[in-house]
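One structure is given below, encoded as structure tokens.
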Amino acid sequence: MNVLGIESSCDETSCAVVVDGKKILSNVVATQIPFHTIYKGVVPEIASRKHIEWILPVAREALKEASLTPDKIDAVAATNRPGLVGGLLVGLTFAKALALALGKPFLAVNHMLGHLYAPRLLTSDSPADLPDYPFLGLLVSGGHSIICKVENFDSVEVLGTTVDDSAGEAFDKVAKFYNLGYPGGVVIDKLAKSGDPKAAAFPLPNLHNAAPCDMSFSGLKTAVIHQRETFWKKGVDFTNENLAASFQEAAVKILVRAVERALKITGLKVVVAGGGVAANSRLRALMSERLGKSVKCIFPPLKLCGDNAAMIAGVAYQYFAKGDNSPLNTSAFARVSDFKHRATPNR
Ligand code: KG4
Ligand code: ZN
């Protein structure tokens, strides 16, 4: 079954065709990064306008790359939450109109479930074995940092979240403050490779009143931006590389520490990471360093860590396979309570 997936929740306009929730026939990602770079962050109105301009050509390209005509599409899916509502509405409305015109089912998909699904898609560099449920999910994107027990593709129990900023936000804000470039995570990851992670000993948070797997990044962000001298080692040069490496080391330790606690609590032996921050090279290294051989760490291929429509088509297929679809009055939502209130997401 061929599902055309559409993703427009932030600054990537993406359309993909995926067969049976597994095989990617096409996954076109048109990035808007050049249009947001001068603002050092995503400007929602620019994002919505670019989605409007690009959605049709990107969908046509996805069909062309898949060597399919529209009548060979069996269902159309789009991200409807969480994200920038202006962008979501573009993809959602386009998907509904196309589904209606083709007389095929429409499916609305939660973007975060998409990120968790990414390692299940087959590519030339997919993980050797696909994770069996249940596993521990580490969802780290621009807007979310979530640790959850994943029982099925749409059944998630949240064990911990950030109590303030997300990890991705901290990368973006530190990069923005020090004028390192955009997007922050990518730039910091690159700079950190030639920096000293011990140049500064930035503090890790102690969340006395939080759940054991909760995390916090705003203290680290404040320390890096406003109290750098306090934590900088005497005699070590202040360079962007050293700053990036020391900040990244602390950010990644906060994530891995929370994952370790969650593994202990749940007894799970497999961790699946997803979202833009899952591309981070130090996170990947520290996870396998710290979790040892008894825990399997699964990261999606780099090109499936960031926002893409293949992961949306993959989740949609799973809904379709169990006889589910979404009404044409389905709305878009900036936020979802699903990942805050420690419950399974509702459709
Ligand atoms: O999942 P994503 O592409 O979009 C959202 O759903 O938000 O995640 C974007 C986030 C941004 O904060 C970006 O700076 C971060 O992922 N990111 C990274 C890396 N690549 C992207 N953070 C750390 N290291 C990276 N290599
Ligand atoms: Zn995302």
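Throughout, read-outs are computed from the coordinates displayed, never taken from laboratory work. In this text the structure is predicted, and so the values were computed from the model without any measurement. Please note: Cβ atoms are built from the backbone with ideal geometry, for glycine as well, and neighbour counts cover all protein chains shown.
Odds and ends about this structure:
- Couplings for region 317-324, taken from phi via the Karplus curve 6.51 cos²θ - 1.76 cosθ + 1.60 with θ = phi - 60°, read 4, 5, 4, 4, 4, 9, x, 9 Hz in order; Gly and Pro are left as x.
- Under the Debye formula (equal points on every Cα, no solvent term), log10 I(q)/I(0) of region 272-322 at q = 0.14, 0.25, 0.27 Å⁻¹: -0.45, -0.90, -0.98
- Within region 66-152, antiparallel bridges make up roughly 55 percent of the DSSP beta bridges whose residues both belong there.
- Label-to-label distance for LYS190 and GLU53 is 2.3 nm, based on points extended 7 Å past Cα in the beta-carbon direction.
- Among THR239, THR266, sorting on how many other beta-carbon atoms sit within 10 Å of each Cβ, with the fewest leading, yields THR239, THR266.
- Nearby aspartates and glutamates by direct alpha-carbon distance to LYS40 (threshold 14 angstrom, same-chain neighbours under 8 apart not counted): ASP11, GLU169, ASP172
- Inverting the pair-averaged 1/r between distinct Cα atoms of region 65-162 gives 15.5 Å as its Kirkwood hydrodynamic radius.
- Segments 44-54, 157-167 sorted - mean Cβ within 10 Å per residue, highest first: 157-167, 44-54
- Region 36-180: antiparallel DSSP beta bridges as a percent of all, rounded to 5: 70 percent
- Cα-derived Rg to Rh of the chain, Kirkwood definition: 0.98
- The chain: antiparallel DSSP beta bridges as a percent of all, rounded to 5: 60 percent
- Computed [θ] at 222 nm, deg cm²/dmol, the chain (DSSP H ≥ 4; -39,500 (n - 2.57); rounded to nearest 500): -12000 deg cm²/dmol
- Kirkwood radius and radius of gyration were both taken over the C-alpha atoms of region 97-138, and their ratio Rg/Rh is 1.13.
- Packing, as the average of other Cβ atoms within 10 Å across residues, places the peptides 33-41, 168-176, 57-65 in the order 168-176, 57-65, 33-41, highest first.
- Gain on full stretching of the segment that runs from TYR133 to THR230 - 0.36 nm per residue minus C-alpha separation: 30.4 nm
- Stokes-Einstein D in µm²/s, Kirkwood radius over Cα pairs - region 172-286 at 20 °C with 1.002 mPa s viscosity: 145 µm²/s
- Relative to the current alpha-carbon distance between ILE46 and THR69, full extension at 0.36 nm per residue lengthens the span by 5.2 nm.
- Kirkwood hydrodynamic radius of region 226-280, Cα pairs, Å: 13.7 Å
- Pairs from LYS22/LYS193; LYS221/LYS253; LYS264/LYS322; LYS176/LYS221; LYS50/LYS104 whose Cα-Cα separation, in the structure shown, is over 22 Å: LYS22/LYS193; LYS264/LYS322; LYS50/LYS104
- Cα gyration tensor category, rounded, prolate or oblate, for region 8-147 with a/c compared to 1.5: oblate
- Relative contact order (percent, whole number), the chain, Cα cutoff 8 Å, 6+ residue spacing: 25 percent
- Across the options ILE265, ALA278, LEU243, the greatest Cα extent toward the positive end of the charge dipole of region 232-308 (unit charges at beta carbon of Lys, Arg, Asp, Glu) belongs to ILE265.
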